[in-house]
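The structure appears below as structure tokens.
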Amino acid sequence: MKFPVVDAFLIERGSGKIGVCCNTLSPDSVEVESDDVAVIGRLVVNRDGAERMIINSLVHPQIEYLILFGEESASFCPSTNLLLAIMDGYEDGRIKGGRGLAALYPNISVELLEKFKENVIVLPMFLNKDTKDVVGKYLDWLKGKVGDEIYSKLVEINSKKKIYFDSLNEMVGLIEKVPAKKIKEFALDPKEFQHLQPPIIVLEGDDEIQDVKFKVVRVDDGILLNIYIGEWVYSLKGNDSFLMAYSLNEFLNKKKVKLNVVDCLLIGTELSRIEVEIRSGIKSEGFVQSNLSEGEVIPLLKETDLKADKEYYYKVGLKDDKVYVQSLANDNSKEAYEYRCDKLWPLVQKIAEDSRFEDYEQKTLHCIDVGIEMARACIALNNGMNYFQDFRNLFKVNKDKLPLLIVKGNNFLGTHQKIITELYTKGLTMTHPDNHKGTMRSGCVLAVYRNSDKVFDVMPDVYASDNQSTSEMRRLYREQLLSADCAGTYTYGERTRKYFGKDQLVEAVRVLKEKKVFVVQRFDFNEDMGVKEVDGNLKFTKDPCLTHDIYFVLGGKLHSLHIARAHNIVNAYPENLFGLHDSYDSFVAKELGVELGDLFMLSNRANILLLTEEQKTRKFIAEVSKEMKDLESPVGPNKEFGKGISYGEFVMEEVFEVEHSDLERLENYNGEDIIARAIKYLKLKGNCHNNPILGTYDPRKGSCGRLLFFQANERGGKLFASAVFLGKGEKDKELCDYIATKYKKELGVELGDVFMFHIGVEND
């Protein structure tokens, strides 16, 4: 039988004996070097997804090993469930001990599963901290079934917190050494997989506006649903379509009211349409018409408790310039089909006509959710956007430009969600400078937290780490940041309180009693971005990521601008921000006897690593948060220079000469040309790395020019730069252009944009 016998999201590489399952990653982003890898495929769900992988593996003429790699879907745990199925089989039609949603293989008989176990050795190298126990149990089961070298390497790899592409290539290298065995030809009965290849039915027709007894509108950055239930109008407000659908479902159950399938699907399409407008900035025409005012409020619930339809489930996507909707059954004796259409209403009509939704307590929710996904897919199709089922944002992949993202708010979770959403959907998609870490999304982010004492009062439980509470996390990190002890290369506390021969926090309090601005700096321009040869190999310095804290007093409050040269926006970011507030900002404000104002966080290369952080990214985005107001403040940020923080985005130009008061400081910083130092570092390490930082402030002397921070690196084939100045001068842009031109000359990279930030407060 020709491979693949059922459609799947995969890339064929050759005729080797290794298959790679990359879980939630896109197969084309998997970086593996061996010709012995025959196929790379994606896996997101159990039924349908894992079933396709098993069927296709059985008919492949060469595959002996299947590596489960990457970060698995936290909802379905498909790689975990495959291990459980291999070890323990089925119980009452489900995978024994199965995890997550729909842990079953309705299309894989016991005989097929046994044949798969006989033909293919499955090697776990995937990420899911909640299922480590299953991996450990499986490794014990696997011992003796593979060579000692492969087994030992598996144990070593699975003991790591993060598994990157270097581990994948190590494992592939070990398997390459194992002689290939002759696989007995195996033929499947097409009846065993016909459910996985449903017939395609193309629907004709146009969209028609429907008269309905509900209305969905946008109210600020929220969604309002007005709906007739019985003889009364009710209103439901929220900002997450699925949570609103769940809340409506629960309310209808209490009222013992049922809606017809068409209305449920159309409610979903309208909720989705408004949500896409809010989240992705895409406006679209409504699919329905009505005229209802607000009524009695339906309570918006805080969380969902999902129960799957026992009989049928739906998959929605885009194929061949059409929206497809697959209706699939848990029982493979039931008919499956795939409808395709480039319009929404014919799909709604046909799905309602079939009415394959189980009549159970969450039928309304199931119907509305299908409508949500269909509308999002249609809008994506009409706008040339990327669509992924169950991900609420539509976007186009950016491969050309590093974006500047400005985000502000008055609560932490809501602001953080907005940051990671903006970065995930608008960030530059590129390979991490450390290639083994794979693809990342990157951008320059200025986040502003208004009234920081209130913002950082309570750390949401979603950020809790393992068995540690958020309050304990904060206490320990605060102690660490305030301590001047240093047992290794550096600590932030040591760089802040001891490294430069003074306690910069104490110095900040002393200076700010008389002046309006003080700079805390943890980067040493003379010692960091260093390189030396050790045993014939180049050894680079490990330099601080959180480089500066700039404090300024305006309006009787202490405001702070923190700068990071690089920032993991998913994992490190929350702890960093709460730590900076709890330790440094609070210390200075308390000693000065003033209130804290706004906290600015400039993350010059904020990044999301898709290999290890994509699932957590989506989890954070989906978390329910308080409504976030976009508050204005006299300290900015503003595009026009004034008091507080101002910013601008400009295209850099070649400049070979410049007259600027800070140039001499840069070319003779304690007797060293630090521009030349940065260029040398980049030439040796690679210009994609973001380590080099320039500036004129010297904490030892307490003196500086106006340029506090400059960083430039290659992103998307161009040189992008960030700069922070104290005050504003006419030649600031030219200075940035001049430095970037020197980088370009030595590194051979074209000029891109510069993001400039000015602090409009000057010391007397």
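hydroxyl-bearing (Ser, Thr, Tyr) and touching a helix residue (DSSP H, G or I) at 6+ places or on another chain (Cβ under 8 Å): does that describe Tyr681?
no
Tell me the residue from Gly136, Gly89, Gly100 that is within 22 Å of Asp390 (Cβ to Cβ), in the same structural domain as Asp148 (by TED's automatic domain parsing) and at pLDDT 90 or above, please.
Values: Gly136 fails: within 22 Å of Asp390 (Cβ to Cβ); Gly89 fails: within 22 Å of Asp390 (Cβ to Cβ).
The conditions single out Gly100.
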(request) Filter the range 508-525 down to residues that are in contact with a Phe, Trp or Tyr (Cβ under 7 Å, 6 or more places away or on another chain) and not β-branched (Val, Ile, Thr) and give me whichever is modelled with the lowest pLDDT. (result) Lys516
(request) Kindly provide the set of residues from the range 313-354 that are in a strand (DSSP E or B) and among the hydrophobic types (A, V, I, L, M, F, W, C), ordered by number. (result) Val316, Leu318, Val323, Val325, Leu328, Ala329, Cys341
(request) All but one of (1) within 27 Å of Ser109 (Cβ to Cβ); (2) buried (at least 19 other Cβ atoms within 10 Å of the Cβ); (3) charged (D, E, K, R) hold for Lys2, so report the exception by its number. (result) (2)
(request) May I ask you to list pairs of residues, at least six apart or on different chains, whose Cβ atoms are under 8 Å apart, with the first in the range 513-525 being touching a residue at least 12 places away in the same chain (Cβ under 8 Å) and polar (S, T, N, Q) and the second being buried (at least 20 other Cβ atoms within 10 Å of the Cβ) and part of a loop (DSSP other than H, G, I, E, B)? (result) Gln521/Gly695; Gln521/Tyr697; Gln521/Pro699
(request) Give the range 636-682 a look and list any residue that's exposed (fewer than 13 other Cβ atoms within 10 Å of the Cβ), closer than 18 Å to Ala721 by Cα and out of contact with any strand residue (DSSP E or B) (no Cβ under 8 Å at 6 or more places or on another chain), or say none. (result) Phe656
(message) List pairs: first residue in the range 694-715 and at pLDDT below 95, second residue outside any loop (DSSP other than H, G, I, E, B) anywhere in the structure, Cβ distance under 6 angstrom, at least six positions apart or on different chains.
(response) Gly705/Arg665; Ala712/Leu719; Ala712/Ala721; Ala712/Ala740; Ala712/Tyr743; Arg715/Leu428
(request) Would you mention how many residues in the range 247-286 are in a loop (DSSP other than H, G, I, E, B) and over 31 Å from the mean Cα position of the chain (by Cα)? (result) 5
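Would you point out which residue out of Leu580, Leu599 is in a strand (DSSP E or B) and not β-branched (Val, Ile, Thr)? Write out each step before concluding.
Working: Leu580 fails: in a strand (DSSP E or B).
Sole residue among the options that is in a strand (DSSP E or B) and not β-branched (Val, Ile, Thr): Leu599.
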(message) Just to confirm my filter: which strands (runs of 3 or more DSSP E) fall fully inside the range 363-469 and include at least 3 residues that are of a type outside the set (Phe, Trp, Tyr) and in contact with a Leu (Cβ under 6 Å, 6 or more places away or on another chain)?
(response) 439-449
(message) Condition check: buried (at least 16 other Cβ atoms within 10 Å of the Cβ), under 30 Å from Asp263 (Cβ atoms) and in contact with a helix residue (DSSP H, G or I) (Cβ under 9 Å, 6 or more places away or on another chain). Does Val407 satisfy that?
(response) no
(request) Select from the range 716-751 the residues that are over 18 Å from Leu402 (Cα atoms), charged (D, E, K, R) and free of Cβ contacts under 8 Å to residues at least 40 places away in the same chain and list them in ascending order. (result) Glu730, Lys745
(request) Name every residue in the range 526-565 that is without any contact (Cβ under 8 Å) to a residue 12 or more places away in the chain and touching a strand residue (DSSP E or B) at 6+ places or on another chain (Cβ under 6 Å), in order of residue number. (result) Lys532, Lys539
(request) Collect the residues in the range 482-516 that are over 26 Å from Leu554 (Cα atoms) and crowded, with 20+ Cβ neighbours inside 10 Å, keeping them in residue-number order. (result) Thr491, Tyr492, Gly493, Arg495, Tyr499
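Would a scan of the range 496-515 turn up a residue that is part of a loop (DSSP other than H, G, I, E, B) and within 34 Å of the chain's Cα centre (by Cα)?
Filtering the range 496-515 for residues part of a loop (DSSP other than H, G, I, E, B) gives 498-503, 513-515.
Checking which are within 34 Å of the chain's Cα centre (by Cα) leaves us with none.
Looking for residues that are part of a loop (DSSP other than H, G, I, E, B) and within 34 Å of the chain's Cα centre (by Cα), one finds none in the range 496-515, hence no.
Matching residues to (1) touching a Gly at 6+ places or on another chain (Cβ under 9 Å); (2) of a type in the set (S, T, N, Q):
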site	(1), (2)
Arg356	no, no
Gln362	no, yes
Cys367	yes, no
Gly371	yes, no
(message) If I ask for residues that are closer than 19 Å to Gly16 by Cβ and either hydroxyl-bearing (Ser, Thr, Tyr) or in contact (Cβ under 8 Å) with a residue 60 or more places away in the chain (or both), which ones from the range 35-53 would you list?
(response) Asp36, Val37
(message) Between Ser280, Ser284, which is more than 30 Å from Arg94 (Cα to Cα), touching a strand residue (DSSP E or B) at 6+ places or on another chain (Cβ under 7 Å) and either without any contact (Cβ under 8 Å) to a residue 12 or more places away in the chain or of a type in the set (Ser, Thr, Tyr) (or both)?
(response) Ser280
(request) Kindly establish whether Glu170 is at pLDDT 95 or above, touching a Leu at 6+ places or on another chain (Cβ under 8 Å) and of a type outside the set (Phe, Trp, Tyr). (result) no
(request) Would you point out which residue out of Val155, Val134 is surrounded by fewer than 20 Cβ atoms within 10 Å (Cβ to Cβ) and farther than 19 Å from Gly16 by Cα? (result) Val155
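The values are calculated or read from the model by the stated rules, or taken from the named source; none is laboratory data. Please read all numbers here as calculations on a predicted model, not as lab measurements. For neighbour counting, all protein chains shown are included, and Cβ atoms are generated from backbone atoms with ideal geometry for every residue, glycine included.
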